[in-house]
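See below for the structure under consideration.
The values are calculated or read from the model by the stated rules, or taken from the named source; none is laboratory data. Here the structure is a predicted model, which means the values were calculated and not measured. All Cβ positions, even for glycine, are placed from backbone atoms using ideal geometry, and neighbour counts span all protein chains on display.
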Amino acid sequence: MQELIDIFSYRLFTIQGQEYTLLQVLALPLVVLLAYYFIKKSSFYIVKKMKQKEVEPDLILLVQRLYFIVGLLLLGFTTLALLNVPLGAFAFVSGAVAIGVGFGAQNIINNFISGWILMWEKPIRIGDFLELGDVMGTVETINTRSTLIRRTDGVHMLIPNSQLLENTVINWTLIDKLARGQVRVGVAYGSPVKLVSELITQAVKSHEFILDDPEPVVIFEDFGDNALIFDTYFWVSTVSERGLRFIKSDVRFKIEELFNQNNIVIAYPQRDLHIDGELKLTKSDS
């Protein structure tokens, strides 16, 4: 037993007057791994409890990140304390790292800070439907460097967090989950406009995902060049099973069906040709 104690007490090296034994060198990685495992598992436990209490996903993500970072910092300081390493020993190294970060990792730091701003201020939340330029999709998670968005075509995109703060972003669901849809249709001149309005209203209200409140409306928009123009406006919930484009397509199908049943003609572009002078027909020699 004494021999075993002597082996683990064997001095391996000395740094600035501090001796480090074999036991310290072997035990330190084990302690760090166990502590890291505890931080990770306890983080999952906290997230699980918050989900059971139906806490907002954004707040869950923020608490998880803060807990994990604070835990790693405490683990780092504890490790240095176990090794009797003064923090002043890292003053020069931290200064060099800060200079390197300033010159070579500006974008990474920018995206990192932007990610924390997004999680703290919540201008964009998990589950929001965004429109950024030509990209439209739903936010699935906000990472430290980038935000994961699932586009309407099912493709996942990683957008740097800084772009979400520096560019114009349309958040369709910032205040609520409602989105307005519009369908325009033109009917031939001479059509019974009252019946047209009633049929469009029937087509809209028959759709299961279109909300009754706010109530759909039909507007006789204009006397067009080739048609009488009608617009219908309706509201849907963005958490519905079908996207807004599919709902608008369903409404158009239903309008076309009802118009056919009631002999309402959907107008198409027409042009009148006027010829000045005489039009003469000549017979060709056979």
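Looking only at the range 138-153, residues that are in contact (Cβ under 8 Å) with a residue 12 or more places away in the chain, under 20 Å from residue 246 (Cβ atoms) and not aliphatic (A, V, I, L, M) come to 4 in all. Cβ-Cβ distance below 6 Å, separation of 6 or more or different chains: which pairs start in the range 154-177 with a residue that is over 19 Å from residue 127 (Cβ atoms) and in contact (Cβ under 8 Å) with a residue 40 or more places away in the chain and end on one that is of a type outside the set (D, E, K, R) and assigned to a strand (DSSP E or B)? Close Cβ pairs satisfying both conditions: 160/146. Taking (1) in contact (Cβ under 8 Å) with a residue 24 or more places away in the chain; (2) loosely packed, with under 14 Cβ neighbours inside 10 Å; (3) within 11 Å of residue 181 (Cβ to Cβ) in turn, residue 249 satisfies each apart from (1). Against the numbered list (1) among the β-branched types (Val, Ile, Thr); (2) part of a helix (DSSP H, G or I); (3) out of contact with any strand residue (DSSP E or B) (no Cβ under 9 Å at 6 or more places or on another chain), residue 196 comes up short only at (3).
Before we move on, is residue 129 touching a Gly at 6+ places or on another chain (Cβ under 9 Å), modelled with pLDDT of 80 or more and more than 19 Å from residue 161 (Cα to Cα)? For residue 129, the condition - touching a Gly at 6+ places or on another chain (Cβ under 9 Å), modelled with pLDDT of 80 or more and more than 19 Å from residue 161 (Cα to Cα) - is not met.
Conditions (1) at negative phi; (2) at pLDDT 95 or above; (3) exposed (fewer than 11 other Cβ atoms within 10 Å of the Cβ); (4) more than 13 Å from the chain's Cα centre (by Cα), marked per residue:
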{"residue": "153", "(1), (2), (3), (4)": "yes, no, yes, yes"}
{"residue": "167", "(1), (2), (3), (4)": "yes, no, yes, yes"}
{"residue": "172", "(1), (2), (3), (4)": "yes, no, no, no"}
{"residue": "177", "(1), (2), (3), (4)": "yes, no, no, yes"}
{"residue": "188", "(1), (2), (3), (4)": "yes, no, no, yes"}
{"residue": "199", "(1), (2), (3), (4)": "yes, yes, no, yes"}
{"residue": "206", "(1), (2), (3), (4)": "yes, no, no, yes"}
{"residue": "211", "(1), (2), (3), (4)": "yes, no, no, yes"}
{"residue": "214", "(1), (2), (3), (4)": "yes, no, no, yes"}
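Residues of the range 42-68 that are part of a loop (DSSP other than H, G, I, E, B) and within 15 Å of residue 127 (Cα to Cα): 54, 55, 56.
Of the residues in the range 160-193, how many are under 30 Å from residue 129 (Cα atoms) and not in a strand (DSSP E or B)? Result for the range 160-193: 15. Looking across 81, 35, one residue alone is closer than 30 Å to residue 120 by Cβ and modelled with pLDDT of 65 or more. It is 35. Tell me which residues, restricted to the range 234-246, are under 17 Å from residue 176 (Cα atoms) and either at pLDDT 85 or above or among the basic types (Lys, Arg) (or both). Within the range 234-246, 234, 235, 236 meet the criteria.
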